[in-house]
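Just so it is clear, none of the values below were taken in a lab; they were calculated from the coordinates. Since the model is a prediction, treat every value here as computed from it, not as a measurement. Cβ sites come from the backbone with ideal geometry, for glycine too, and all protein chains shown count toward neighbours.
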Amino acid sequence: MIELKQREVTDSFKGFSRRDFVKYLFAGSALSLATLNKLNASIYQNVTSLNQKYIEDESPDGVYWDALSKHFLFKDGLIMMNNGTVGPMPKPVFNTLMKYFRIQVTNPFDVYNFIPRKKEEVRTKLAQFINASPDEIVITRNTTEGMNFVANGLDMKEGDEVLLSTMEHPGGTHPWRLKEKRFGIKIKEVPIGLPPKNVDEIVSAFDKAITPRTKIISISHTVFISGLIVPLKELCQMAHEKDVLVIADSAHGIGMLDLNMKELGIDFFASSPYKWLGAPTGVGLLYVRKEAQDELWPTIASSGWDRHESARKFETLGQRADALTIALGEALDFQNAIGKRRIERRIKTLAGYLKRELNNIPGVKLHTSQDFYLSGGLTAFSVKGIDPQNIVNYMREKYNIVVRTIGNKEKGTYGVRVSTHIYVSLKHVNLFLEGLRHLVKRKV
Ligand SMILES: Cc1ncc(COP(=O)(O)O)c(C=O)c1O
């Protein structure tokens with residue numbers, strides 16, 4: 001894929017300057033398809049030559065990451081340290097999005113031509129990216145939809161149980177609340193620590209809660225309140241021994257973690273690639289393990305729901321915004337060009353540094369585990385005597401840093417949450433720490 005893009009670079013493109021690029025941003029979709037191809041080719045060429053410089057280096061230094069961060073389009077020095085709700089698209093993804101919206105404007109009939117093939121290519125890429133089969137991939141709109149497809153599509157009788165953790169996102173709880181109301185299923189909540197001490201604490205809490213009526217565990221992989229990464233592999237091993245299914249709400253997982261469905265052994269896995277992967281908002285992933293597909297009814301039915309022998313039967317959704325799906329493919333290409341292992345390592349290195357330094361600030365309580373296996377790019381904490389909202393406001397006003405408040409005062413989970421994606425530098429993390437030390441001194 002990258003090779004192909006490099007070949008697309010022509011001599012005429014060599015003169016394309018930064019100013020031209022800025023002009024392009026204002027011109028938006030007015031740029032020709034050829035120009036959009038050339039812009040992307042030049043970006044991949046840059047990533048390839050950077051990689052060549054760091055070929056032996058599993059964990060490149062800040063120079064590498066600073067160079068990559070130029071391929072994002074942040075406005076006015078914005079320091080984006082919140083990948084919640086939505087994250088940014090890198091330039092190649094935005095270009096591809098524009099390109100395919102433009103095709104829809106100029107040649108709508110292409111929807112009959114190469115678009116279906118392109119979408120299947122994205123499904124294959126997505127499958128490779130998470131070590132699954134294309135037959136196990138449902139392209140949804142978001143995590144919430146994926147969670148609903150599973151809660152809605154499983155046969156459960158009155159009194160059958162679903163286990164949730166106490167730190168689920170509404171997108172992961174309400175599908176079950178609806179089923180509870182309609183069919184009388186039982187929801188049981190299993191507490192998890194802030195943070196839990198180790199893998200065993202989490203797995204054994206769920207183990208103890210399972211009864212003969214338990215059908216499924218529905219749990220966040222990337223806990224939005226605490227930044228915990230739930231040990232899905234160990235949880236699935238335990239659950240499967242007891243014939244209990246597992247669905248993970250991994251809204252933040254794709255693009256943050258080097259995912260491997262076969263290794264996790266999970267049955268269902270829902271994610272939102274526009275938080276950490278750099279895809280456009282409105283395109284999502286639901287993985288349905290081959291062996292679990294017969295357990296699930298499609299929620300939406302049009303031609304094919306009763307014919308497809310694969311996860312495609314869960315996706316007969318009528319016409320879609322194809323540009324979003326194809327741009328998702330570009331987001332996968334962009335991360336693949338850097339390397340998903342490298343990305344996870346960088347994200348965790350920055351988060352690890354942040355947590356170590358936070359621990360040295362008086363009054364700080366970390367809500368996130370310091371164990372690299374149980375944490376990722378989300379770090380949450382609170383400071384004794386300081387309102388988290390004041391921290392958030394100060395960081396934005398003083399440094400143009402975006403972080404957010406998270407959690408709930410009554411439940412003791414209220415705090416500040418910081419995301420450390422690859423376009424965040426050590427310098428940015430240090431600015432954040434500088435601001436926090438100042439606030440702690442002033443006790444605001
Ligand atoms: C853990 C978790 N689950 C579900 C969601 C909902 O995601 P979406 O709105 O993309 O469906 C979020 C949103 O941030 C989340 O953090």
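In table form, for the structure just shown:
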read-out	value
Set of aspartates and glutamates with alpha-carbon distance to Lys38 below 17 Å, sequence-local pairs under 8 removed	Glu3, Glu8, Asp11, Asp20, Glu330, Asp333
Under 15 Å from Lys157, Cα to Cα: aspartates and glutamates that are on another chain or at least 8 residues apart	Glu180, Glu295
Cross-link partners of Lys208 among lysines (Cα-Cα below 21 Å; sequence separation of 8 or more within a chain)	Lys186, Lys188, Lys197, Lys233, Lys242
The chain, relative contact order [Cα under 8 Å, separation at least 6], %	20 percent
Longest DSSP-loop-exposure-free segment, GluC sites (Glu not before Pro), the chain, at most 16 other Cβ within 10 Å	159-308
Cβ-Cβ FRET estimate between Lys441 and Ala321, R0 fixed at 51 Å, reported to 0.05	0.55
Charge dipole of the chain about the Cα centre (unit charges at C-beta), most positive-ward option of Met261, Ser165, Leu354	Leu354
Simple Cβ-charge dipole of the chain, Lys/Arg +1 and Asp/Glu -1, about Cα centre, in debye nearest 20	1620 debye
Farthest toward positive dipole pole in the chain [+1 Lys/Arg, -1 Asp/Glu at C-beta], among Ile343, Ala67, Pro273	Ala67
Length added when fully stretched, Asp207-Ile300, from 0.36 nm per residue minus Cα-Cα	30.2 nm
Region 362-402: trypsin sites (Lys or Arg not before Pro) in DSSP coil with no more than 12 other Cβ atoms inside 10 Å	Lys384
Low-density loop cleavage sites - trypsin sites (Lys or Arg not before Pro) in region 133-198, where at most 14 other Cβ are within 10 Å (DSSP)	Lys157, Lys197
Region 117-333 - charge dipole about Cα centre, Lys and Arg +1 at Cβ, Asp and Glu -1, debye rounded to 20	480 debye
Out-of-range pairs (alpha-carbon distance over 21 Å; input Lys75/Lys398; Lys275/Lys340; Lys70/Lys355)	Lys70/Lys355
Inter-label distance for Leu433 and Thr85, nm, one decimal - labels placed 7 Å from Cα along Cα-to-Cβ	2.9 nm
Which of Thr316, Thr124 has the fewest Cβ neighbours within 10 Å, and the rest in rising order	Thr124, Thr316
Exposure proxy ranking, count of Cβ atoms within 10 Å, fewest first, for Val364, Val418, Val246, Val199	Val199, Val364, Val246, Val418
